[in-house]
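Input: a single structure, listed below in structure tokens.
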Amino acid sequence: MERGEAYGFSAAMSGAFLLSCLLFAAINRRQRGPYMDEVFHVPQAQAYCPGRFLQWDPMITTLPGLYLASVGVVKPAAWLFGWTGSVVCSAGMLRFINLLFSAGNFYLLYLLLFKIHQKNKAVSGFQRILSTLTLAMFPTLYFFTFLYYTDPGSVFFTLFAYLMCLYGNHKTSALLGFCGFMFRQTNIVWTVFCAGNVVAEKLSEAWKTELQKKKDEKISSRKGSFSDLIRILQFLIKYLVSLKNLVTIAALTWPYIILVTMFFVFVFINGGIVVGDRSSHEACVHFPQLFYFLSFTVFFSFPHLLTPTKIRKFLLSLRKHPVQYSLIAVISLFLIWKFTYVHKYLLADNRHYTFYVWRKIFQRHELVKYVLVPVYMFAGWSFADTLKSKSIFWILMYFVCLLAVTVPQKLLEFRYFILPFLIYRLNIPFPSLYRQLLELAFYIVVNAVTFYLFLNKTFQWPNSDEIQRFMW
């Protein structure tokens, strides 16, 4: 990092943290007690504070990573500063842990952008800092910085694991992946993603060697015709049935293999991936979740994905390949018809934005979910088009992980999209400065509206005196 860039990064990170502290103070003045899922998380952490580690609320569905990390930070700080009494593990103090995780995420996002795009000499330090600031303010993640939820810590350990993987520190990466798993069990998918990075790199090297042997430079390892894809799949099968290649891959990825094995042992002993109350977290095959994620991504990345150029390219592709797109449309309609599920929370909890998205869009008419198929197709095409700079093996690996982390979820919950979105956004090429500024401005507006609604537009349910607030 050059001196000018270092100063710029320090200023951006310090400014963002100061702004977050001011917003944190405002939110804690308005909402002093636990809200929403904090009703479960805060008392559990407060039980851990005095050392009651065997006490557990059966309504909590995640492992105790958040509470252990909180005690590990709060207790030494209390001893150092002489804090006593209820302030030590108050709701405000516990929420502040996520503010620290948020600062860590800011730094990790910068390091990841630097590492992933280090070969692109056209990217300036200012662009890296601007993209870091934008991603750190990603609305769905940024909102939960100010509540005692698992998301900031989950993102922190997953991004840290990804960074260590990119630097080849796979044992450290697997250990950090375990920490991420302790925050949220589905983060095991991103451990597989880290291992997949290693495998994709080896496959790309072998594929290039294969092309050189055949002296066929016209075939690309990144994108091509349908026949090229068939050829790549044949190569993939041939490579993975070789015992020598499998041994090589296992030798490179053994820390991840151990962690994934531990995960399966946990699932077998626990009788499922969810701990505690499983009644509202049943796994199912919910393919439309992928369509919701793609729409979510287009919405939050519209400066990159929803451009006149991309729309023209999509229409041209549609005209050139009508049979393929017709087949995709038919498959999409079938998946929506057979695999759409509506969680009871989605219909009942009017505090979440997803409640209004579902009611205002999908519940307008039974056919709406089918009419949206062209939107999903464009979103999917535009999404894939921005990843064309990555190798075909990396793309396949990412999409497998994306399916694994979204499709089994029955509840439409925007928080589940945070990590797949961030990893996608980190890996697309740097856009123009204008589009970066537009994206940042959009995030600032969305955050401003979100926090205004949360703080000022409160309401009450019938037969309840509790104040309710709108949130993601």
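So the values come out like this:
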quantity	calculated
Unmet requirement for Q55, which otherwise passes all of (1) more than 19 Å from F156 (Cα to Cα); (2) within 27 Å of the chain's Cα centre (by Cα); (3) not basic (K, R)	(2)
Residue list for region 89-146, filter: under 20 Å from A161 (Cα atoms) and free of Cβ contacts under 8 Å to residues at least 12 places away in the same chain	Q118
Filter result (open to solvent by 40 Å² or more (accessible area, probe 1.4 Å), without any contact (Cβ under 8 Å) to a residue 60 or more places away in the chain and assigned to a loop (DSSP other than H, G, I, E, B)) within region 253-293	G271, S279
S382 vs. criteria farther than 30 Å from L166 by Cα, of a type in the set (S, T, Y) and either in a helix (DSSP H, G or I) or without any contact (Cβ under 8 Å) to a residue 40 or more places away in the chain (or both)	no
Hits in region 449-472 - residues which are assigned to a helix (DSSP H, G or I) and over 18 Å from R29 (Cβ atoms)	V449
Flag if D465 is in contact (Cβ under 8 Å) with a residue 12 or more places away in the chain and open to solvent by 10 Å² or more (accessible area, probe 1.4 Å)	no
Tabulated pairs, region 156-184, first more than 21 Å from T62 (Cβ to Cβ) and open to solvent by 40 Å² or more (accessible area, probe 1.4 Å), second charged (D, E, K, R) and in a helix (DSSP H, G or I), C-beta under 9 angstrom, 6+ apart or interchain	L166/K115; Y167/K115
Yes/no for Y149 being closer than 22 Å to N98 by Cα and outside any helix (DSSP H, G or I)	yes
For N120: the one exception among (1) polar (S, T, N, Q); (2) closer than 26 Å to M36 by Cβ; (3) in a loop (DSSP other than H, G, I, E, B)	(2)
Residues located in region 33-46, provided they are in contact with a helix residue (DSSP H, G or I) (Cβ under 7 Å, 6 or more places away or on another chain) and either free of Cβ contacts under 8 Å to residues at least 40 places away in the same chain or surrounded by fewer than 16 Cβ atoms within 10 Å (Cβ to Cβ) (or both)	G33, Q44
Single match in Y356, Y398 (criterion: surrounded by fewer than 13 Cβ atoms within 10 Å (Cβ to Cβ) and in a helix (DSSP H, G or I))	Y356
Failed criterion for Q436 (all others in (1) surrounded by fewer than 19 Cβ atoms within 10 Å (Cβ to Cβ); (2) part of a helix (DSSP H, G or I) hold)	(1)
Residues (free of Cβ contacts under 8 Å to residues at least 12 places away in the same chain and under 19 Å from F383 (Cβ atoms)) located in region 325-355	L327, I331
Residue within region 242-252 that is of a type in the set (S, T, Y), at pLDDT 80 or above and assigned to a helix (DSSP H, G or I) present	yes
Residue satisfying all of: in region 84-117; among the hydroxyl-bearing types (S, T, Y) and under 19 Å from Y142 (Cβ atoms); surrounded by the fewest Cβ atoms within 10 Å (Cβ to Cβ) among these	Y107
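The values are calculated or read from the model by the stated rules, or taken from the named source; none is laboratory data. Here the structure is a predicted model, which means the values were calculated and not measured. Note that we place each Cβ from the backbone using ideal geometry, even for glycine, and neighbour counts take in every protein chain shown. Areas reflect the complete protein model, heavy atoms only, side chains present, ligands, DNA and RNA absent. Shrake-Rupley method; radii C 1.70, N 1.55, O 1.52, S 1.80 Å.
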